Amino acid sequence: GGPGVATASGPTGPPRAPGGPSRAGGPPSAPSDAWAPGRRTLAAALANHDFRAAEAQAMLLLAQGHGMVELFDRVLQPMLEQHGDAWARGQVEAGDVAATAHDVRRLLARLPFPTHARARGTALLATPPGEQHVLGLEAFGVALEQKGFSCLLLGEMPLDKITAFARAHDLSPKLVCLSLHEPPRDTSGLRSGVRQLRASLPGTRVVLGGRALRLDPVLAASVGADGGAPDAVGGLRLVERLLLPLTERELETLRLVADGRTNRQIATALGIAPSTVKSSLDRVFEKLQVPDRAAAAALAVRRGWID
């Protein structure tokens, strides 16, 4: 992958079906083992390069309530990793690996998801030089777009060039997401690049993702990133935690609102005056840009800030 710029969904964006509940993040609505037969059917169709059957099965799983991001983490990403490992051992041809990657990319482009106003800022997604595994970034970009971010997929790019890109396009990104398939043998270059990103783009959160975080869980901390996650679901949780705009007291107030408590009941529970509860909620409404307590609680639940 070169340094060409695209949205996370592709240069022009594929057609997507509007409406319906968000499928990014959060657990499926049924026990995970209930989805196993459908996931096996999807994996078999992709292994046989039967794209029509794969697309139909993926659509069926989504229609039944399976999360799209979980679909990538549980089926698509493992398949790509298995094919890559099999190629490295000489068990499959490079063409077969490329064909599978093509089918996965095509499937990601065609799966429907609801679009939201991208008002939460810009996320830049890239891989350090030498990394060729960008499909995970594409899937994560789709998930971030569902959460209201505007995503630019930069592909393979030196970390200092990410800063130059942001400045050239007058961007103040909320996130820079870096994907790594293997932990680097020498982390000094990555550490230096992360340090420069944080210094040159103040306020930007730098997060790492990919299989490397599964092989080396402390990699993100060791190079000075804000956090890391090995899969898309964990990445979404990490982003929401890093960009959480509310204080712990404001979150606790929202939890009580979501439980149906009145201001007076919240005040009693927290040991404060009802007027303080009202002032706190007014600040919450302003921070979240919502009109009332119901909308604030719903947004907090949707983003995973409260249960």
**Report entry** Estimated inter-spin distance, THR276 and ALA86, nm [label 7 Å along Cα→Cβ]
**Finding:** 6.2
Query raised in the report: What trypsin sites (Lys or Arg not before Pro) in the range 45-141 are in a loop by DSSP, with at most 12 other Cβ atoms within 10 Å of the Cβ?
Result: ARG89
Query - Heavy-atom accessible surface of the chain: percent carbon and sulfur, 1.4 Å - result: 53
Query raised in the report: What residues qualify as long-range amide H neighbours of LYS147, i.e. H under 5 Å apart, gap of 5 or more or another chain, H built at 1.01 Å from N?
Result: none
Query raised in the report: Can you list the trypsin sites (Lys or Arg not before Pro) in the range 148-246 that are in a DSSP coil and have 15 or fewer other beta carbons within 10 angstrom?
Result: ARG185
**Report entry** Given charges at beta-carbon only (K, R positive; D, E negative), |dipole| of the chain in Debye
**Finding:** 860
Query - Rg/Rg_ref, the range 87-233, where Rg_ref = 2.2 N^0.38 Å and atoms are Cα - result: 1.07
Query - GLN64-SER188 pseudo-label distance in nm [points 7 Å out on the Cα-to-Cβ vector] - result: 5.3
Query raised in the report: Between ALA56 and GLN289, what is the label-to-label distance in nm when each label sits 7 Å out along the Cα-to-Cβ direction?
Result: 4.3
Query raised in the report: What do you get when you divide the Cα radius of gyration of the chain by 2.2 N^0.38 Å, with N the number of residues?
Result: 1.07
**Report entry** Estimated Rh, the range 250-307: Kirkwood, alpha-carbon pairs, angstrom
**Finding:** 11.1
**Report entry** Residues ALA36 and HIS102, FRET efficiency given R0 of 35 Å [Cβ-Cβ distance, rounded to 0.05]
**Finding:** 0.85
Query raised in the report: Tell me, what ³J(HN,Hα) does each residue in the range 135-142 have, in order and in whole Hz, if you take phi through Karplus 6.51 cos²θ - 1.76 cosθ + 1.60 with θ = phi - 60° and put x for Gly and Pro?
Result: 5, x, 5, 4, 5, 5, x, 4
Query raised in the report: When all alpha-carbon pairs of the range 69-172 are counted, what percent fall beyond 17 Å?
Result: 61
Report summary line: At R0 = 41 Å the Cβ-Cβ FRET efficiency linking ALA47 and ARG249, nearest 0.05, sits at 0.20
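The values are calculated or read from the model by the stated rules, or taken from the named source; none is laboratory data. Keep in mind it's a predicted model, so treat the numbers as computed, not measured. Methodologically, a virtual Cβ is constructed for each residue, glycine included, from the backbone with ideal geometry; neighbour enumeration extends over all protein chains shown. What goes into the accessible areas is simple: the full protein's heavy atoms, side chains included, and nothing from ligands, DNA or RNA. Shrake-Rupley method; radii C 1.70, N 1.55, O 1.52, S 1.80 Å.
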